[in-house]
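The values are calculated or read from the model by the stated rules, or taken from the named source; none is laboratory data. Bear in mind the structure is a predicted one, so any value in this text is a computation, not a measurement. Please note: Cβ atoms are built from the backbone with ideal geometry, for glycine as well, and neighbour counts cover all protein chains shown. For the accessible areas, the whole protein counts, side chains as well, though only heavy atoms, and no ligand, DNA or RNA atoms are used. Shrake-Rupley method; radii C 1.70, N 1.55, O 1.52, S 1.80 Å.
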Amino acid sequence: MEKTVQLYEGKAKKVFATEDPEIVIVSYKDDATALDGLKKGTIVGKGAINNRMSNYIMRLLEKHGVPTHFVEELNDRETAVKKVSIVPLEVIIRNISAGSFAKRYGVEEGIVFKEPTIEFSYKNDDLHDPLINSYHALALGLATKEEIETIKKMAFKVNEVMKEYFKGLGVTLVDFKLEFGRLSDGSIVLADEISPDTCRFWDSKTNEKLDKDRFRRDMGGVEDAYKEMMRRVFGE
Ligand code: UDP
């Protein structure tokens, strides 16, 4: 599989066309942004870690019946994926209070919920990705009722599979963000990435943060946290 023209460059990834109109190649960068793009930096080695970890989890999810965009890992940083049109919703699942949830509702981080929660943000840089409910998403034509139902079911299923998997690695899955896409036949698949950039991972014993919060909050030890997650997943 060979790259042809670059289609898009985002904050953390580039996307290239291939000879196959249904397949694109994603190339992961070490660039990191946070705080709505205000904070910029580099996390050395992040691109390769996120690529390999995301692919591993996508494969695991496929085994559990969740359709994903994953096709083939090409090298450390590059993966062939099915071309999708992204549903412009960021889907966030939470098991434990943290981040914007704790801030919005004035509660501490670390409250374990009886049931996981779901919320959507409208993916729109000009509007700074505002929180949106499913009725408004429907009113704006961002997705159909059926698509929203499918996305909710898939997101909770992803949570069940990931929670169990990470528990086995001594990692608590606090919350995470998913993106979904439509294939050319209109079916919905899990897309984008699943990595320490998009999930909150806490060490089960110490609650030490093993994710991008170390970068967002200038805590130091960012590279080591990503490497530690890589070690837990791949034993290297
Ligand atoms: N998240 C993400 N991209 C975003 C916003 C959030 O991947 O643009 C992830 C984040 O890593 C966390 C979860 O979604 O695992 C919930 O994030 P939150 O809403 O608490 O926002 P934050 O505190 O990161 O601004």
Quiz item: When the Karplus curve 6.51 cos²θ - 1.76 cosθ + 1.60 is applied with θ = phi - 60°, which whole-Hz ³J(HN,Hα) does each residue of region 51-68 get, with x for Gly and Pro?
Solution: 4, 5, 5, 4, 5, 4, 6, 4, 4, 4, 5, 4, 4, 8, x, 8, x, 10
Quiz item: Anyone know which of Arg216, Arg104, Arg77 comes out most mobile in the 10 Å Cα GNM of the chain?
Solution: Arg104
Quiz item: Peptides 189-198, 43-52: what's the order by average Cβ count within 10 Å, highest mean first?
Solution: 189-198, 43-52
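Would you work out the relative contact order for region 87-150, in percent, from Cα pairs under 8 angstrom that are 6 or more residues apart? If you can, show how the numbers build up before the last one.
On the way: 77 pairs, mean separation 19.9, N = 64.
Once normalised by length, the contact order is 31 percent.
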Quiz prompt | Rounded to whole Hz, the Karplus (6.51, -1.76, 1.60) HN-Hα couplings of region 222-229, x for glycine and proline | solution = 5, 4, 5, 5, 5, 5, 5, 5
Self-check item: Where only alpha carbons of the chain are counted, the Rg and the Dmax (Å)
Solution: 17.1, 51
Practice problem: Divide by every residue of the chain the summed helix terms, -39500 (n - 2.57) for each DSSP H run of at least 4, and state the resulting mean residue ellipticity at 222 nm, rounded to the nearest 500 deg cm²/dmol. | Solution: -9500 deg cm²/dmol
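Largest first and in whole Å, what are the equivalent-ellipsoid semi-axes of region 157-236 based on the Cα gyration tensor, each being the root of 5 times an eigenvalue? Walk me through the numbers on the way to the answer.
Details: eigenvalues 130, 44, 24 Å².
Listed largest to smallest, the semi-axes of region 157-236 are 26, 15, 11 Å.
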Exercise. Quick one: compute the contact order of the chain, relative version, from alpha carbon pairs under 8 angstrom and 6+ residues apart, as a percent.
Key: 18
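Which percent of the accessible area of region 28-153 is formed by carbon and sulfur heavy atoms (probe 1.4 angstrom)? Write out the running numbers ahead of the final one.
Values: 3580 of 6660 Å².
Carbon and sulfur together cover 54 percent of it.
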Exercise. Compute the Kirkwood hydrodynamic radius of region 82-217, taking the inverse of the mean of 1/r over all pairs of distinct Cα atoms, and give it in Å to one decimal.
Key: 15.7
Self-check item: Built amide H within the under 5 Å cut-off of Asn124, gap 5+
Solution: Asp129
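Taking square-rooted eigenvalues a ≥ b ≥ c of the alpha carbon gyration tensor, is region 69-152 rounded, prolate or oblate, where a/c under 1.5 means rounded and, failing that, a/b exceeding b/c means prolate?
Values: a/c = 1.93, a/b = 1.31, b/c = 1.47.
Since a/c reaches 1.5 but b/c is at least a/b, the shape of region 69-152 is classed as oblate.
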Exercise. Using only the C-alpha atoms of region 14-73, find the volume of their convex hull and express it per residue in Å³.
Key: 114
Quiz item: When the gyration tensor of region 35-115 is built from Cα positions, what are the square roots of 5 times its three eigenvalues, in whole Å, from largest to smallest?
Solution: 29, 19, 14
Practice problem: Rounded to whole Hz and in sequence order, give me ³J(HN,Hα) for region 157-174 from the Karplus expression 6.51 cos²θ - 1.76 cosθ + 1.60, θ = phi - 60°, writing x for Gly and Pro. | Solution: 5, 4, 4, 4, 5, 5, 4, 5, 4, 5, 4, x, 9, x, 10, 8, 8, 7
